[in-house]
Amino acid sequence: VTDMFEPGSTGKLMTFAAALEEKAITPTSKIKVPPRLPRPSKVFNDHTPHGHLRLTANGVLAKSSNIGTILIAEKLANPTILHDYFVKFGIGQNTGLGFPGETNGILRTPSKWSNTTFPTMAFGQGYSTNAVQIASVFATIANNGVRMPISLVDGYVGVDGIYQPTAAKTGIEVVSAQTAKDLREMLASVVGPDGTAPSARISGYRVAGKTGTAQRSDQSCGGCYKGFTASFIGMAPANNPSIVVAVIIDNPRNGHYGGVLAGPVFKEVTNFALQKLKVMPQGGKVEKIPATWGR
């Protein structure tokens with residue numbers, strides 16, 4: 001909670017949540033993704049060079065296309081809508097944990113945006129979060145679109161030996177239950193054959209999650225970008241989540257991709273937690289959302 005960082009592609013979840021909730025896209029919307037995307041002051045590229053792609057919205061998320069995500073964000077009726085959803089998800093705000101030294105992160109108001117702020121925000125840069133904030137975004141989707149206040153203490157045992165839970169708190173609906181369900185299905189594609197994190201799969205359980213590989217802001221050089229922040233944040237089981245696990249690796253030395261570095265850590269921690277919580281494996285056939293369309 002004391003360190004802030006730009007989340008990178010894990011932040012795309014909020015862009016897709018806004019676009020789905022505002023009916024700008026569906027999971028199968030057809031997106032033509034060019035090799036490069038010129039915008040005022042900057043030309044945007046994806047992490048891996050490619051030609052012209054025909055991706056569904058689901059495929060854009062699964063393959064973590066920055067270009068595709070910008071194009072989806074631009075389908076919103078007004079750029080400030082994206083900012084409004086970030087606020088609803090709790091970005092740039094104190095989590096309420098009451099933990100000493102917590103950072104609120106940084107979220108600029110639209111009046112202070114540059115030409116590149118909107119497109120970079122869409123794919124997870126140009127703002128900062130702490131780890132609990134970005135984990136809470138995924139917990140909101142796991143909780144059918146309702147963001148719950150975060151607690152450090154679940155309860156306590158009094159001098160009489162009786163356990164007393166902390167007072168129940170009221171949640172805030174950020175997106176509808178249907179949008180949250182659609183997003184969980186789309187996030188499940190990230191660990192599938194079309195996605196960026198097959199290393200996060202857990203035998204017997206469906207995992208829904210997102211990789212992040214963000215340029216790292218380094219205060220030793222005045223806030224320049226130096227190194228990376230690699231992450232994977234996910235939930236399991238995907239259809240009815242019991243747990244959200246966030247793995248963030250600051251300035252890794254052996255590679256930098258979130259799927260490669262953070263995915264296996266997520267798998268190990270989450271697999272242990274599911275067994276500890278006695279969560280039964282999932283069964284049944286799951287309908288796969290296509291990642292591409294046309295030829």
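The values are calculated or read from the model by the stated rules, or taken from the named source; none is laboratory data. This is a predicted model, so every value here is computed, not measured. Cβ atoms come from the backbone with ideal geometry, glycine included; neighbour counts cover every protein chain shown. What goes into the accessible areas is simple: the full protein's heavy atoms, side chains included, and nothing from ligands, DNA or RNA. Shrake-Rupley method; radii C 1.70, N 1.55, O 1.52, S 1.80 Å.
Would you calculate, for the chain, the mean residue ellipticity at 222 nm contributed by helices, counting each DSSP H stretch of 4 or more residues as -39,500 (n - 2.57) and dividing by all residues, to the nearest 500?
Taking each H run of at least 4 residues, the total per residue is -8500 deg cm²/dmol.
Give the separation of the Cα centroids, the range 23-74 to the range 183-209, in Å.
Measuring centre to centre over Cα atoms gives 20 Å.
Is the range 140-295 rounded, prolate or oblate when judged by the Cα gyration tensor, a ≥ b ≥ c being the square roots of its eigenvalues, rounded requiring a/c under 1.5 and prolate requiring a/b larger than b/c?
Since a/c reaches 1.5 but b/c is at least a/b, the shape of the range 140-295 is classed as oblate.
Using +1 at the Cβ of each Lys and Arg and -1 at the Cβ of each Asp and Glu in the range 103-245, identify which of Val207, Val174, Phe228 lies farthest towards the dipole's positive end.
Comparing the listed Cα positions along the dipole, Phe228 ranks first.
List the longest stretch of the chain that has no exposed loop site; here a site is one of the chymotrypsin sites (Phe, Trp or Tyr not before Pro) assigned by DSSP to anything other than H, G, I, E or B, with at most 16 other Cβ within 10 Å.
For chymotrypsin sites (Phe, Trp or Tyr not before Pro) (loop position, at most 16 other Cβ atoms within 10 Å), the longest site-free span of the chain is 114-292.
Using the basic label-point model (7 angstrom from Cα toward the beta carbon), what is the Val286 to Asp250 distance in nanometres?
3.3 nm
For the modelled label position 7 Å from the Cα of Lys226 along Cα-to-Cβ, which residues of the range 1-28 have backbone nitrogen atoms closer than 18 Å?
Taking a point 7 Å out along Cα→Cβ of Lys226, the residues of the range 1-28 whose backbone N falls under 18 Å are 4-6.
Please identify every one of the trypsin sites (Lys or Arg not before Pro) in the range 18-120 that sits in a loop by DSSP and has no more than 12 other beta carbons within 10 Å of its own beta carbon.
Passing both the DSSP loop test and the Cβ count: Lys23.
Quick check: at a probe of 1.4 Å, how many percent of the accessible area of the range 2-62 sits on carbon and sulfur atoms?
53 percent
How much of the accessible area of the range 76-120, probe 1.4 Å, is carbon plus sulfur, in whole percent?
52 percent
If R0 is 30 Å, what FRET efficiency do you get for Glu74 and Lys169 from their C-beta distance, rounded to 0.05?
0.25
How far apart, in nanometres, would the label points at Asp84 and Ala177 be if each is projected 7 angstrom from Cα along the Cα-to-Cβ direction?
2.4 nm
For the range 181-255, what % of the accessible area comes from carbon and sulfur atoms, probe 1.4 Å?
45 percent
Any idea what the dipole of the chain comes to, in debye rounded to 20, about its Cα centre with Lys/Arg Cβ at +1 and Asp/Glu Cβ at -1?
960 debye
At 1.4 Å probe size, with every protein chain present, just tell me what the per residue accessible area of the chain comes to in Å².
Spelled out: the 1.4 Å probe surface of the chain, per residue, equals 49 Å².
Here are several values of Rg and Dmax of the Cα atoms in Å: (i) 28.0, 85; (ii) 23.1, 73; (iii) 18.8, 70. Which one was derived from the coordinates shown?
The listed entry that was calculated here is (iii).
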